[in-house]
Amino acid sequence: TKVFQSPNKEFLGGADSLGRDLLQRSLVGGGVSLLICFGSLFLTYALGVLVGSVLSFWNKSNHLVIFMIDVFDSIPNFLLVALFSILINRGLGGQTSVIGTFAALVISIALAAWAPIARNVRLEILQLRGRDYLSAAIVAGGSPFYIIRAHYFRAIWPWLRVSIVHNIPQFLLIESVLSFTGLGMGSQNATLGYLIYEGWKNALLYPHLFMVPALILCVLVFMLTISIQDSRS
C-alpha cells in the first residue's frame, strides 16, 4: 500500500493518508496560498489607498475615521482576520464552495490589514498638498486625473512598492496560520497551512507529513524575504 509512505523514489515527499504524493500536494498548496496572498494584498492596498486618499481631502468626520483606524491597528492582525472570517462565513450561511471560501479569506485579510495603509497614504498626500509644483499644475489647467496620476501617485509609488513587497511574506504567514486553525480552504483545495495542520496531527508517527509542507512554506517566506532585501538595495 502507498498510504503514509516515507519519501522514496516514487514519492519524493512521501505519501499522505490517501496515498497521494505529498510533495505535489504541497506545491499545489503553495500556489493556492500565494493566490490568496496576492488577492488579499491587492484588495488591502486598493482599500487602503482609497480610504487614505479620501481622508486627505475630506475633513468631515476625519477624526472619527482616524480613531477607528487606530483601533483597528492596535488589534493583532490574526485576531481581526479570524473574527472577520467567522462573521463572513456565517453571513454566507456556511458557504463551503471554493469561490466562497476563497473570497471570505481574501476579504477577511483585507479588512484586517487596510488600516495602516490608509494612515500612511493619508500622511504622504498631506505632505504633498500645498507644494508649489502642484499649485502650478492646477493653475496651468491640469485635470484632476492628470494631477493624481502624474504627481500624487508618482510621489507615493516608491513607498507603496516597498510596502507591498514587505507585506507579501506577512500575508502568506497570516493565511497559513488561518488555515492551520481550520478557518481556511478545505482539504480539496488545501493550502500550506492546512497541510501543516494535517501533518501536525500525525507528526510523531509520520514526520514527513508535517516537515514537507512546513519546509516549502519556510522556503517561500525565505525567497520572498530575499526579494525584499534586493528591492531595497
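Return the residue satisfying two criteria in turn: it lies in region 74-92 and is loosely packed, with under 13 Cβ neighbours inside 10 Å and assigned to a helix (DSSP H, G or I), and of such residues it is modelled with the lowest pLDDT. Among residues in region 74-92 that are loosely packed, with under 13 Cβ neighbours inside 10 Å and assigned to a helix (DSSP H, G or I), the one modelled with the lowest pLDDT is G91.
Starting from residues that are closer than 19 Å to S56 by Cα and touching a helix residue (DSSP H, G or I) at 6+ places or on another chain (Cβ under 8 Å), keep the ones in region 149-168 and report whichever is modelled with the highest pLDDT.
Step by step, filter region 149-168, then rank; the result is L160.
Within region 184-193, the set of residues being part of a helix (DSSP H, G or I) and open to solvent by 20 Å² or more (accessible area, probe 1.4 Å) comprises S187, Q188, N189.
A Cβ distance below 6 Å, combined with a sequence gap of six or more or placement on separate chains, defines the contacts here; from region 68-88, residues that are touching a residue at least 60 places away in the same chain (Cβ under 8 Å) reach residues that are part of a helix (DSSP H, G or I) and of a type in the set (S, T, Y) in the pairs V81/S108; S85/S108.
Pick out the one residue from S17, S6 that is open to solvent by 40 Å² or more (accessible area, probe 1.4 Å), more than 21 Å from S179 (Cα to Cα) and hydroxyl-bearing (S, T, Y).
Answer to the check: S6.
Restricting the first member to region 201-216 and to residues that are within 13 Å of G29 (Cβ to Cβ), and the second to residues that are open to solvent by 100 Å² or more (accessible area, probe 1.4 Å) and not polar (S, T, N, Q), the beta-carbon pairs closer than 8 Å and six or more apart or on different chains are I216/L27. Residue under question is I196, and the condition is that it be free of Cβ contacts under 8 Å to residues at least 40 places away in the same chain, in contact with a helix residue (DSSP H, G or I) (Cβ under 9 Å, 6 or more places away or on another chain) and either buried (at least 19 other Cβ atoms within 10 Å of the Cβ) or under 15 Å from D16 (Cβ atoms) (or both); does it hold? Spelling it out, I196 is indeed free of Cβ contacts under 8 Å to residues at least 40 places away in the same chain, in contact with a helix residue (DSSP H, G or I) (Cβ under 9 Å, 6 or more places away or on another chain) and either buried (at least 19 other Cβ atoms within 10 Å of the Cβ) or under 15 Å from D16 (Cβ atoms) (or both). Taking every residue in region 96-121 that is free of Cβ contacts under 8 Å to residues at least 40 places away in the same chain and pairing it with any residue that is open to solvent by 50 Å² or more (accessible area, probe 1.4 Å), at least 6 positions away or on another chain, the pairs with Cβ-Cβ distances below 6 Å are G100/L92. Checking each residue in region 124-135 for being assigned to a helix (DSSP H, G or I), open to solvent by 60 Å² or more (accessible area, probe 1.4 Å) and modelled with pLDDT of 70 or more picks out L126, Q127, D132.
Okay, residues lined up against (1) assigned to a helix (DSSP H, G or I); (2) open to solvent by 20 Å² or more (accessible area, probe 1.4 Å); (3) at pLDDT 85 or above; (4) within 27 Å of L80 (Cβ to Cβ):
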position: S179; (1), (2), (3), (4): yes, no, no, yes
position: G182; (1), (2), (3), (4): no, yes, no, yes
position: W200; (1), (2), (3), (4): yes, yes, yes, yes
position: L205; (1), (2), (3), (4): no, yes, yes, no
position: L215; (1), (2), (3), (4): yes, yes, yes, no
position: S227; (1), (2), (3), (4): yes, yes, no, yes
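The values are calculated or read from the model by the stated rules, or taken from the named source; none is laboratory data. All values derive from a computational prediction rather than experimental measurement. Here the Cβ is made from the backbone with ideal geometry for all residues, glycine too, and neighbour counts use every protein chain on show. Side chains included, ligands, DNA and RNA excluded: accessible areas come from the protein's heavy atoms. Shrake-Rupley method; radii C 1.70, N 1.55, O 1.52, S 1.80 Å.
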